[in-house]
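Input: a single structure, listed below in structure tokens.
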Amino acid sequence: MDVNIQKALNDKLYDKRKSGALELEASIREALAANNHDRIQKIVSQLCHEYAYAVHQPHARNGGLIGLAAASIALGSEVARYLEEIVPPVLACFSDQDARVRYYACESMYNIAKVAKGEILVYFNQVFDALCKLAADSELSVKNGAELLDRLIKDIVSESAASYVSILNSPDDASADNESEQTPPSIDAPTAFSLSRFIPLLQERINVINPFTRTFLVAWINLLDSIPDLELVSHLPSFLAGLFKFLSDPNQDVHTATQTALDKFLSEIKKIARIKRGIAESRKSQGEDGLKHSTSSIRSAPSVNSDDGRGPPDQREANDELDNESIDSELMTANDEKSGSVEDDWIPGQDVQVDHAKILDILVTFLSDSSEEEIQLTALRWIDSFFEICPEDIMPFVPRLLSHVLPTMSHDVEQVRQAANRVNTSLMEYIMSLSEQGSKSGSPPSTQLQLPSVSTSNRDLGNTDRRDSNFSTKTSRASNRDPTVELKAASSKMVSGTRTPTPAEERPPTPHQGTDLDYQAAVNALTLQFLNEHEATRVAAIAWLIMLHRKAPGKILSIDDGTFPALLKTLSDPSEAVVTRDLLLLSQISKNSEDSYFTSFMVNLLKLFCTDRRLLETRGNLIIRQLCVTLSAERIYRTMADCLERDEDVEFTSIMVQNLNNNLITAPELADLRKRLRNLETRDGQTFFVALFRSWCHNAVATFSLCLLAQAYEQAYHLLQIFAELEMTVNMLIQIDKLVQLLESPVFTYLRLQLLEPEKYPHLYKCLYGLLMLLPQSSAFAALKNRLNSVSAIGYLHIAPRTYVPSSVSSFYHSRQKSSETAPSSSQPASSVSSFERPNRLKAREEGGIKWVELLEKFKTVQEKARRSQRLASLGDDPATTPIHEKENIQPPEVPPKHTRPNSAASTARPTSAAQQGHQKSKSSLSNLGRFAGGVSARKTKR
């Protein structure tokens, strides 16, 4: 440079530096006109190294910056080859400590970019990085200068980023212009702006905290997304996490801009998905139309030459080859036309690839890690939208979604709660529809192998009839055809098998062909939700388990699974809705499992009742009734009765029998079971009554009420006689009081009506008067006395005949059976009709009837055992220390050996403290229940 220019550029006054820059501009123009590039190169190098890089000379740096801008203006379109030296020193000045140097750097870069235009995009990353830092500059003038430069760069990017190619690459392409006609078109030259090179920088800068920088980044993201050919949405996973963090910014401008950008991206993803879905459907329809057209041409081609098949074999082979060639050409032309029609109609967005899986991963991560309401709400809204965009990609994330969506359903904010409910509903509907699609697509072969039901088998038979008729018509048509037709069809299939797949075949797999649901991970995630403090979350978790078990009962929730104890423990949940659904799930599992599972379920339920007496008191009736609704009530009572009969804990067994008996009498769900108990004529009714009686012996009042319910009044009367030998405790009197109240309920309406027939039911009066004698003077006493007084006259007039009273205790039967035996036949036709049944019924009574005496002895034994256990517990003695001969004296001599239990007293000891005895006995009392599971199932098979 001229000495005067050097001196002017180094001056501290801005005007002198500006005049020196104008002189420099004129000198460079002259050198450019003279084509003296060496001098221009030296001037640019001198400006860079002696001025712009002069760190300790701020005036020299300012002069170098204005000089580089003047040189760029002078060079004009030739500035591209010098940008490699001009741009770096200007970028270095952006980080200078002096605010004026930073401002002049912005001014210099503005002038350089204004001249270079698209060429500046080669250095876009460096310029963007500098602007990103200047956006948060503390000096207002620097920030204003950076905004002007930012606006210019945005204009250049909007105009040229998608297509501009640097002229530095043009000489290489120019030499190849002559060969372009001979060689096929090669790959296009790289554009000056590369989104793939910019994304790593954006990914690094997206983690900033400064609100001004965040606003700057969001503005650039919006700009780049608005350029159609760049397709920034395909790189969305790289910076989506940073955008979600922006939502928690306290600055409202950042929040609003970020929310707008995310909404644009979501709408764009939806649009791309709709476009791809529409193209796939159109290709599928075109593929079907093309296949029909090709098959019709194949059929029409041999039909023309069908008469030529009678010629010589050589001529037939030649004709076949010609036909095959014609078929191949027709197929090729059809495919070409089809593909050409599809490719000509290009739709923006059809080639954009969006990584839905990575986006979902980011969304689920923010749903779990972030506690910000706005972030959770936006993530839930995005996830719900993805059920419309790509539901098949959500399947691998189902366990994680369940872990985080279900707790959010109990969020404090109503909007977040509603969004979580929508996601939960969408997810459940998708998985349910997935199972339906799988059953629809795979049902024909599976139903034939898996023994379908009657309705489905009839439908399948109808379908096979139709298929057979269609097959017969096809075979009849084929028989009229020439044999060469089949050969040509086979060859055409072989040719079509080797062709390239159609676009319809290249479509992504349908949802039911995608990744299967990880049932175990989903169940584990749902089981953990049982510990959630909110009721809505726990209810939703059990609803999910019910749905998954219905969908795949063989894959989840087995007896050995760790989920089973959690389900049992959930029965202690304070929420009734949770307990009800938990019982529904347990019942559903029992229905789809073997008998051993059901028995184990009952045993574990009794163990739970034994250890958690509060649960038995508060939820025992609800649990029993719900199970009787969903499962077989008789099966539940039989299994529990068998388990309780073998239980060593006398106190718990008595309480449990009392609960079961109260439900048996009062529960509307057990009405059919009560009707069955009244019918002791059948073998099933007798065995059921005996099974309950042997277990009900642990509670005297429950045993008596069972006999009243079964109309075994004579047996009930004999039980009252044994009551006189028992110690009447307060608990026993309370139970009798409740029984008297139940006698006034609609359940015992038949019993009150039977009081009008004393000659037919003589022992009923004795039973009720016996209860009256047991009761003290109370309200129950007065109620029962009033009831008996209302029919006392009838009872006095009719004295029970002696034929109803058995001669010996060992030969008495049910009162209804005796009345039927002694009652005379009313008419001859009736007796003639049932004459062939009566000997069999009498024989059944003699051989397999109820052994009433043994049941009474069983009752005495159990009550004596309970009395002895209570006495030892009150004395504080250990039953194990009791002498053997004393035990033998206590036991009644008439008990059959098969009903005695060895070492029964040793296992029924009660500690002194009532608070400690329940907890200690809970471990020992039902410890043997697990061993009886096999015995129960074995007894059922024998029956």
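How much area per residue is accessible in the stretch 1-90 when the probe is 1.4 Å and only protein heavy atoms are counted (Å²)?
49
If you wrap a convex hull around the Cα atoms of the stretch 609-664, how much volume per residue is inside, in Å³?
Looking at the stretch 609-664, the number lands at 72 Å³ per residue.
Students sometimes get this wrong: rank Glu25, Glu372, Glu84 by accessible area, probe 1.4 Å, all chains present, largest first.
Ranking Glu25, Glu372, Glu84 by accessible area, largest first, yields Glu84, Glu372, Glu25.
For the stretch 1-131, what class follows from the C-alpha gyration tensor (a ≥ b ≥ c being the square roots of its eigenvalues): rounded when a/c is under 1.5, otherwise prolate if a/b is larger than b/c, else oblate?
Oblate is the answer for the stretch 1-131, as a/c is 1.5 or above yet b/c matches or exceeds a/b.
State the extension gain, in nm to one decimal, for the chain segment bounded by Glu147 and Gln57, taking 0.36 nm per residue of separation less the distance between their alpha-carbons.
The Glu147-Gln57 span can extend by a further 29.7 nm.
Multiplying the sequence separation of Lys591 and Ser745 by 0.36 nm and subtracting their Cα-Cα distance, what value in nm do you get?
Extra length from Lys591 to Ser745 when fully extended: 52.1 nm.
Could you pull the Rg and Dmax for the stretch 518-675, using just the Cα atoms, both in Å?
When restricted to the Cα atoms of the stretch 518-675, Rg and Dmax are 15.5, 47 Å.
Hey, could you get me the Stokes-Einstein D for the stretch 68-116, Kirkwood radius over alpha-carbon pairs, 20 °C and 1.002 mPa s, rounded to whole µm² s⁻¹?
200
Tell me, what does the Kirkwood hydrodynamic radius of the stretch 1-58 come to in angstroms if you use every pair of distinct C-alpha atoms?
In the stretch 1-58 this quantity evaluates to 11.8 Å.
Considering only Cα-Cα distances, which of the following residue pairs are longer than 25 Å: Lys738/Lys766; Lys276/Lys358; Lys271/Lys358; Lys766/Lys860; Lys114/Lys271?
With Cα atoms farther than 25 Å apart: Lys114/Lys271.
Over the stretch 514-666, what is the relative contact order in percent, taking alpha-carbon pairs closer than 8 angstrom and at least six residues apart?
Here the relative contact order equals 18 percent.
I'd like the FRET efficiency for Lys284 and Met432, computed as 1/(1 + (r/R0)^6) with the beta carbon distance as r and R0 of 30 Å, rounded to 0.05.
Between Lys284 and Met432 the formula returns 0.75.
Accessible area, 1.4 Å probe, largest first: how do Ser705, Ser596, Ser138 sort?
Final ranking, largest accessible area leading: Ser138, Ser596, Ser705.
Accessible surface of Asp129 in the full protein assembly, 1.4 angstrom probe, to the nearest 10 Å²?
Near enough 40 Å² of accessible area.
Could you work out the percent of alpha carbon pairs in the stretch 663-763 separated by over 24 Å, rounded to a whole number?
21
If I model a spin label at Ser371 and Asp38 as a point 7 Å from the Cα along the Cα→Cβ vector, what separation in nanometres do I get?
Result: 7.3 nm between the two label points.
The values are calculated or read from the model by the stated rules, or taken from the named source; none is laboratory data. In this text, all values refer to a predicted model and were calculated from it rather than measured experimentally. Heads up, the Cβs are rebuilt from the backbone with ideal geometry, glycines too, and the neighbour counts pull from every protein chain shown. These area figures cover heavy atoms from the full protein model, side chains too; ligands, DNA and RNA do not enter into them. Shrake-Rupley method; radii C 1.70, N 1.55, O 1.52, S 1.80 Å.
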